[in-house]
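In what follows, a structure is listed as structure tokens, so that the remarks can point back to it.
The values are calculated or read from the model by the stated rules, or taken from the named source; none is laboratory data. Just so it is clear, the model here is predicted, and its values are computed rather than measured. Please note: Cβ atoms are built from the backbone with ideal geometry, for glycine as well, and neighbour counts cover all protein chains shown. Areas reflect the complete protein model, heavy atoms only, side chains present, ligands, DNA and RNA absent. Shrake-Rupley method; radii C 1.70, N 1.55, O 1.52, S 1.80 Å.
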Amino acid sequence: MTKLIIDDKEVEVPDTYTLLQACEEAGAEVPRFCFHERLSIAGNCRMCLVEVKGGPPKPQASCALGVRDLRPGPNGELPVVSTKSPMVKKAREGVMEFLLINHPLDCPICDQGGECDLQDQAMAFGIDKNRYEENKRAVTDKYIGPLIRTKMTRCIHCTRCVRFTTEVAGISELGLTGRGEDAQITTYLETAMTSELQGNVIDLCPVGALTSRPYQDTARPWELTKTETIDVMDAVGSNIRVDSRGREVMRIMPRLNEAVNEEWISDKTRFIWDGLRTQRLDQPYIRKNGKLVPASWSEALNAVATKVKAAKPSKVGAIAGDLSSVEDMYAMKQLMAQLGSANMDCRPVGSVLDPSKGRASYIFNTTIEGIEEADAIMLIGTNPRKEAPIINARIRKRYVEGDLLIGVVGEHMDLTYEYNHLGEGADALIQFANYGKIKKKKPMFIIGQGALNRSDSAAILANVAAAAQSMGALSDDWNGLNILHTAASQVGGLDLGFVPNGNGGKGGKDTKAMMKDMDVTFLLGADELNTHDMKGFVVYIGTHGDAGAHRADVILPSAAYTEKSGIYVNTEGRVQMGNRAAFAPGDAKEDWAIIRALSALTGDALPFNSLSELRAELYAEYPHFAELDAIAKGDIADVKALAKKSGKLLKSDLKSSVTDFYLTNPICRASKVMAECSQLAADEMKKAAE
């Protein structure tokens, strides 16, 4: 630790701190443009100047000066730093004057207006005059893709965007070319950037040089209602802020959560908001003479109730989709129990994950934050760059620190970091026996859905659990077996027991069996199925006119994740609460309310009349759902039990379950922005193949 005096206040800080961080610790406000806590130090904006007594007779850039570099006084006095002296005030005014030499007066038409660092700091630290009369420099706008709009005349060359894409996203497509007045930020070949995290440069840009292209000229920040909620585009559970105006979601931005997504979100999370408006189901439909026709709620619910009453309980089933909340699945599970049916499932076709094997057998046990402690990582049947870009960024963050062994069993892919490819087939898992000799303290295994939905998935899970045990990945303080989910609903559904016989019944059928042998099937937003193969009467409770709605005999429109309050459990088992940011369109209702209304027509109404009553029952039966932002740890004995299982491994290749990152659910497929990104990605792959 190092002691120093900042603005007449003595503070003690770690000797690894920069002077800027020490000033913040002391409560002093130091302006900055180029400095960012998660990026390397550039020291090129010079806005964070402070005065160091006893040092050189000039202002010092506090972001590039470490506290350990400060010299004590001649008699051992503590170093003295001032952030408010006349020298500092004059220096900051001069820096701000230089920054504004070429900056255009675009504030009235700039999307960054109202939340611009340059505006704020010019007001706080600048002056009201400009001594420069020369013409301002103009820079040609660059095309860097359909997501980010460039106005490079506004750029102040802080290089945050360059450092982010290189260090965090792991792509080398953005850089600073030229010198002096000819310097400019550009992609080297002026093509679209390929990172799934590129949208974060919009938040990083302290001026209006990089703004959101889809959001362009649509709203001002003071017009928007800001709601803190949870993302459901993957199973990471990124913390987000949804900005809405009236019924419309206008943009989605990240929230800080060090344990989950830090302050980054994927492009799919950020830009799918236009998909919340299009192809929406806003009224019930009934299929008559082969065509879906509009109907009232009473007509639709009575049509469903009639079919349910006519069917045997063993011929009624329910399949939960990827975006279902815990409350939705709990209500559906209660309805299935009331009907006397044990046919329900929240898993993809062929999944071997089973809550009866213990929570440790289906969650990301080391936690997302725990990736930074690992010294060896094995990826099995997964492409985290497509399935969970935020987790891939964590792995890269750990990789950049050094001394990390990464192995891959599965397809060849660009993960933005180097790895050892052990083979493409599941039989390559046998090689793990050799890795038992490598002395690693905290190895971890990440198993993707591409390895868990096959005929030999049970054998894969058993082999990986055995390898984890032999390598020392299973101890009291470290459980190295991790399941990487791709669906936001999956862990919550498994926690609830939304699987065959999960409500205490017998003879329950899984997803595959229900698609072929049901008289009535409820699809709770389930669209990632081959619905053409489904038999019997299909009831779709969902938000978009996607695959499930096309096959449905009755459509009951429901609310999207931004239009309801709901609990979601991410891949590491963290319970999080999503909040309503807007209201559902037309006559659409929340899923649990639809199921509650239906139960009154098929038998006795379910014992709750409000969401709070439903949650009271849920918490009583499953107490861990009441512990928000907490993780109920799995028992390591359950993983050791898995290791004792056996089975034959097939030679067929392990492939990621996500083939197109941008089109993984109904909301994405309804988004024009995501469709454009998907087409660009396909074109890039085609060029690479040629």
Cβ pairs under 7 Å, 6+ apart or interchain, first in segment 565-578 and under 22 Å from residue 483 (Cβ atoms), second among the basic types (Lys, Arg), ordered by first then second residue, are 573/359
Scan of segment 591-618 for residues that are within 14 Å of residue 541 (Cα to Cα) and either among the aromatic types (Phe, Trp, Tyr) or free of Cβ contacts under 8 Å to residues at least 40 places away in the same chain (or both), ordered by number: 592, 593
Can you spot a residue in segment 50-71 that is among the hydroxyl-bearing types (Ser, Thr, Tyr), part of a loop (DSSP other than H, G, I, E, B) and in contact (Cβ under 8 Å) with a residue 60 or more places away in the chain? no
Might you check whether a residue that is part of a helix (DSSP H, G or I) and either touching a residue at least 40 places away in the same chain (Cβ under 8 Å) or open to solvent by less than 50 Å² (accessible area, probe 1.4 Å) (or both) occurs anywhere in segment 282-294? no
Looking at (1) within 22 Å of residue 213 (Cα to Cα); (2) over 32 Å from the mean Cα position of the chain (by Cα), which is the one condition that is false for residue 141? (2)
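Taking segment 335-357 as the region of interest, how many residues are open to solvent by 10 Å² or more (accessible area, probe 1.4 Å) and over 21 Å from the mean Cα position of the chain (by Cα)? Step through it out loud before you land on a result.
To start, the set of residues in segment 335-357 that are open to solvent by 10 Å² or more (accessible area, probe 1.4 Å) comprises 337-340, 347-352, 354-357.
Filter once more, so that each one left must be over 21 Å from the mean Cα position of the chain (by Cα): 337-340, 349-352, 354-357.
Residues in segment 335-357 being open to solvent by 10 Å² or more (accessible area, probe 1.4 Å) and over 21 Å from the mean Cα position of the chain (by Cα): 12 in total.
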Which of the numbered conditions does residue 109 fail, given that it passes all the others? Conditions: (1) among the aliphatic types (A, V, I, L, M); (2) buried (at least 17 other Cβ atoms within 10 Å of the Cβ); (3) under 36 Å from the mean Cα position of the chain (by Cα). (2)
I'd like to check something: does segment 245-268 contain any residue that is hydroxyl-bearing (Ser, Thr, Tyr) and modelled with pLDDT of 95 or more? yes
Can you tell which of 80, 67 is touching a Phe, Trp or Tyr at 6+ places or on another chain (Cβ under 7 Å) and more than 25 Å from residue 123 (Cα to Cα)? 67
Mind listing just one residue for me: the one in segment 636-660 that is open to solvent by 50 Å² or more (accessible area, probe 1.4 Å) and in contact with a strand residue (DSSP E or B) (Cβ under 9 Å, 6 or more places away or on another chain) and, of those, farthest from residue 449 (Cα to Cα)? 640
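In this structure, does residue 617 turn out to be within 26 Å of residue 298 (Cα to Cα) and either within 25 Å of the chain's Cα centre (by Cα) or surrounded by fewer than 18 Cβ atoms within 10 Å (Cβ to Cβ) (or both)?
On the way: within 26 Å of residue 298 (Cα to Cα): no; either within 25 Å of the chain's Cα centre (by Cα) or surrounded by fewer than 18 Cβ atoms within 10 Å (Cβ to Cβ) (or both): yes.
Answer is no for this residue.
This table checks each residue for (1) modelled with pLDDT of 90 or more; (2) open to solvent by 60 Å² or more (accessible area, probe 1.4 Å); (3) out of contact with any helix residue (DSSP H, G or I) (no Cβ under 8 Å at 6 or more places or on another chain).
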| position | (1), (2), (3) |
| --- | --- |
| 51 | yes, no, no |
| 71 | no, yes, yes |
| 86 | yes, yes, yes |
| 91 | yes, no, yes |
| 97 | yes, no, yes |
| 117 | yes, no, yes |
| 121 | yes, no, no |
| 134 | no, yes, yes |
| 142 | no, no, no |
Taking residue 20, is it more than 20 Å from residue 156 (Cα to Cα), in contact with a Phe, Trp or Tyr (Cβ under 8 Å, 6 or more places away or on another chain), at pLDDT 90 or above and open to solvent by less than 20 Å² (accessible area, probe 1.4 Å)? yes
Of all helices (runs of 4 or more DSSP H) fully inside segment 452-556, the set with 3 or more residues that are surrounded by 19 or more Cβ atoms within 10 Å (Cβ to Cβ) is 457-470, 490-496, 547-551
Residue in segment 510-549 that is modelled with the lowest pLDDT, counting only those that are over 20 Å from residue 337 (Cβ atoms) and β-branched (Val, Ile, Thr): 531
Which residues, counting only those in segment 661-690, are surrounded by 14 or more Cβ atoms within 10 Å (Cβ to Cβ), without any contact (Cβ under 8 Å) to a residue 60 or more places away in the chain and not hydroxyl-bearing (Ser, Thr, Tyr)? 663, 675
Among (1) free of Cβ contacts under 8 Å to residues at least 40 places away in the same chain; (2) under 17 Å from residue 90 (Cβ atoms), there is one condition residue 35 misses while meeting the rest; what is its number? (2)
